[in-house]
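Everything on this sheet refers to the single structure shown next.
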Amino acid sequence: MPDRSIAILGGTGQQGGGIARRLIASGQQIIIGSRSPSNAIRAIEGWNVPAGSVTVVDYPSAASADTVILAVPFPAVADALAVCRDRFKPESLVVDVTVPVTFEASAPRLLRPSEGSGAEFVRARLPSDIHLAATFKTLPAALLNDVEQPLDCDEFVCGDSAEARMLASALLTSVAGVRPIDVGPLSSAAAIEQMTLLAITINRRHRVHRARFRIVGI
Ligand SMILES: NC(=O)c1ccc[n+]([C@@H]2O[C@H](COP(=O)([O-])OP(=O)(O)OC[C@H]3O[C@@H](n4cnc5c(N)ncnc54)[C@H](OP(=O)(O)O)[C@@H]3O)[C@@H](O)[C@H]2O)c1
């Protein structure tokens, strides 16, 4: 993807940080959006990435990137989008990574927002001209952060337009070892989010942390 700026809201977290480190490893520069940039600078000190590959700003500033990856806990999504709403660049891309999973008595359960899925919940809170794709939802943070280890898997991509899916697929392709699987419109996000729940269940049952998916036949 030529010269598109990339920001990650929640880029100090497990998933956002793992995505950031994989993208930096592929030679890209990343903007980390944080509620507390000073804490975020400390949080990323241990990343061991090239000087100048990361900048840290607050959420509204990060929202003006060409591609904005949303990687905050699902209960924080509405607030994060509300503070960014007026700062998105017209026609830019938001990539939703969030999964509306909750843990009850330590058992994972998927919440079903009235919009249909976490991604459709996000869509309902974005300005209409912003493109939205959903991906990075089934890639395990434990493996993303272990940047020396190959990802060696597929990842699903859905979105509200062909352009959104194309841009998100290109972002995924830039991460070594991941093949994007286009699964069509945003309504496919509910199935992707169920797959994340399945991966969590597999991890727990088999006492691992890196379960992920590979599609055969295509
Ligand atoms: N962990 C995984 O393996 C995985 C896999 C697939 C998808 N996901 C999804 O990715 C998203 C992030 O998960 P995560 O495991 O990376 O979470 P996390 O480690 O808790 O990090 C989330 C980040 O979001 C920011 N944030 C904004 N509002 C927040 C709030 N009210 N409470 C806590 N943090 C808040 C924080 O960054 P600042 O304080 O710097 O703003 C924090 O570092 C979730 O929606 C999750 O479902 C996670």
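Observations
- Label point 7 Å beyond Cα of THR102 along Cβ direction - residues of segment 117-156 with amide nitrogen under 12 Å: none
- The Cα atoms of segment 89-218 give a gyration tensor whose axes a ≥ b ≥ c have a/c of 1.5 or more with a/b no greater than b/c, which makes the shape oblate.
- For segment 150-216, the square roots of the Cα gyration tensor eigenvalues, ordered a ≥ b ≥ c, give a/c of at least 1.5 with a/b no greater than b/c, which places it in the oblate category.
- Positive end of the dipole of segment 1-68 (Cβ unit charges, origin at the Cα centre): among GLN14, ALA63, SER26, the Cα lying farthest that way belongs to GLN14.
- Put the Cα centre of segment 45-124 next to the Cα centre of segment 30-44 and the gap is 14 Å.
- For ILE130, ILE215, ILE24, order by how many other beta-carbon atoms lie within 10 Å, fewest first: ILE215, ILE24, ILE130
- Our helix-only sum for the chain, with -39,500 (n - 2.57) per DSSP H run of n ≥ 4 divided by its residues, gives a mean residue ellipticity at 222 nm of -9000 deg cm²/dmol.
- The loop-placed trypsin sites (Lys or Arg not before Pro) in segment 175-216, going by DSSP, that have at most 13 neighbouring Cβ atoms within 10 Å of their Cβ come out as ARG207, ARG214.
- Whole-number D in µm² s⁻¹ for the chain, Kirkwood Cα-pair radius fed into Stokes-Einstein, 25 °C, 0.890 mPa s: 143 µm²/s
- Spacing of the modelled spin labels on SER26 and LEU197, each 7 Å from Cα toward Cβ, amounts to 2.9 nm.
- For ILE69, ILE31, order by how many other beta-carbon atoms lie within 10 Å, fewest first: ILE31, ILE69
Readers should treat all values here as calculations from the given coordinates under stated rules, not as data from a laboratory. Given the structure is predicted, the values throughout are model-derived calculations rather than measurements. Using ideal geometry, Cβ is built from the backbone for each residue, glycine included, and neighbour counts are taken over all protein chains shown.
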